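Student: Below is the structure I would like to discuss, written out as structure tokens.
The values are calculated or read from the model by the stated rules, or taken from the named source; none is laboratory data. Just so you know, these numbers come straight off a predicted model, no measurement behind them. Cβ coordinates were reconstructed from backbone atoms using ideal geometry, including for glycine residues, and neighbour counts include every protein chain displayed.
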């Protein structure tokens, strides 16, 4: 079992926090200390895979940047893996790929974006094309057990002159693999 997030130090600065329950005791698992560009650094999601593998997604800064993928392989600290250039989602959902890798869901204009990391390599793929002025945000990812199939849910933010804000929202579901 994992618990992750952020905690405040004595000066009021937020730092990343993760603790792991191994069935007998809680252990703090270190995340590299944030530098000055990483104010409010915190872990958003932790995805345990096995007793010796977990993935996490972390963000920093008041606007959620920079963002990073974290991998734990049974040691006392997380390994940081920078996201591919141009990929972002301050609350990126995460799921495993069933083969030791991980998927993240992104925010993108005109199409949903998905970043896949496995064996040290990032691949970015896109969902169906939509209106390029629409904002498309992936909000959830889940792999069907025993398969490589990943389902994604999210929302499309589109122009809607009939609303006070001028924008409307509609849900979507997409299938990867």
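Student: Is at least one residue of segment 15-22 assigned by TED's automatic domain parsing to the domain that holds residue 69 and at pLDDT below 80?
Tutor: Checked against the condition, which is being assigned by TED's automatic domain parsing to the domain that holds residue 69 and at pLDDT below 80, segment 15-22 yields at least one hit.
Student: I've got another one for you. Please indicate, with yes or no, whether at least one residue in segment 117-133 is over 23 Å from residue 82 (Cβ atoms) and not in a loop (DSSP other than H, G, I, E, B).
Tutor: So far as segment 117-133 goes, no, none of its residues is over 23 Å from residue 82 (Cβ atoms) and not in a loop (DSSP other than H, G, I, E, B).
Student: Still on this structure, please answer the following. Only one of these conditions is not met by residue 34: (1) at pLDDT 85 or above; (2) part of a loop (DSSP other than H, G, I, E, B); (3) surrounded by 17 or more Cβ atoms within 10 Å (Cβ to Cβ). Which number is it?
Tutor: Residue 34 satisfies all of (1) at pLDDT 85 or above; (2) part of a loop (DSSP other than H, G, I, E, B); (3) surrounded by 17 or more Cβ atoms within 10 Å (Cβ to Cβ) except (1).
Student: Could you list, in sequence order, the residues of segment 55-98 that are part of a strand (DSSP E or B), over 13 Å from the mean Cα position of the chain (by Cα) and within 26 Å of residue 174 (Cα to Cα)?
Tutor: Passing the criteria: none in range.
Student: Pairs, please: C-beta under 6 Å, at least 6 apart or cross-chain, first residue assigned by TED's automatic domain parsing to the domain that holds residue 50 and farther than 14 Å from residue 60 by Cβ and in segment 1-14, second outside any loop (DSSP other than H, G, I, E, B) and modelled with pLDDT under 80?
Tutor: 8/14; 9/15
Student: Sort through 154, 106, 101 and tell me the only one that's outside the structural domain of residue 54 (by TED's automatic domain parsing), under 15 Å from the mean Cα position of the chain (by Cα) and touching a residue at least 40 places away in the same chain (Cβ under 8 Å).
Tutor: 154
Student: Name every residue in segment 49-78 that is modelled with pLDDT of 85 or more and exposed (fewer than 13 other Cβ atoms within 10 Å of the Cβ), in order of residue number.
Tutor: Selection gives 50, 51, 52, 73, 74, 75, 76.
Student: With respect to the numbered conditions (1) surrounded by fewer than 22 Cβ atoms within 10 Å (Cβ to Cβ); (2) modelled with pLDDT under 90; (3) on the phi < 0 side of the Ramachandran plot, which one is the sole condition not fulfilled by residue 86?
Tutor: Status for residue 86: all satisfied but (3).
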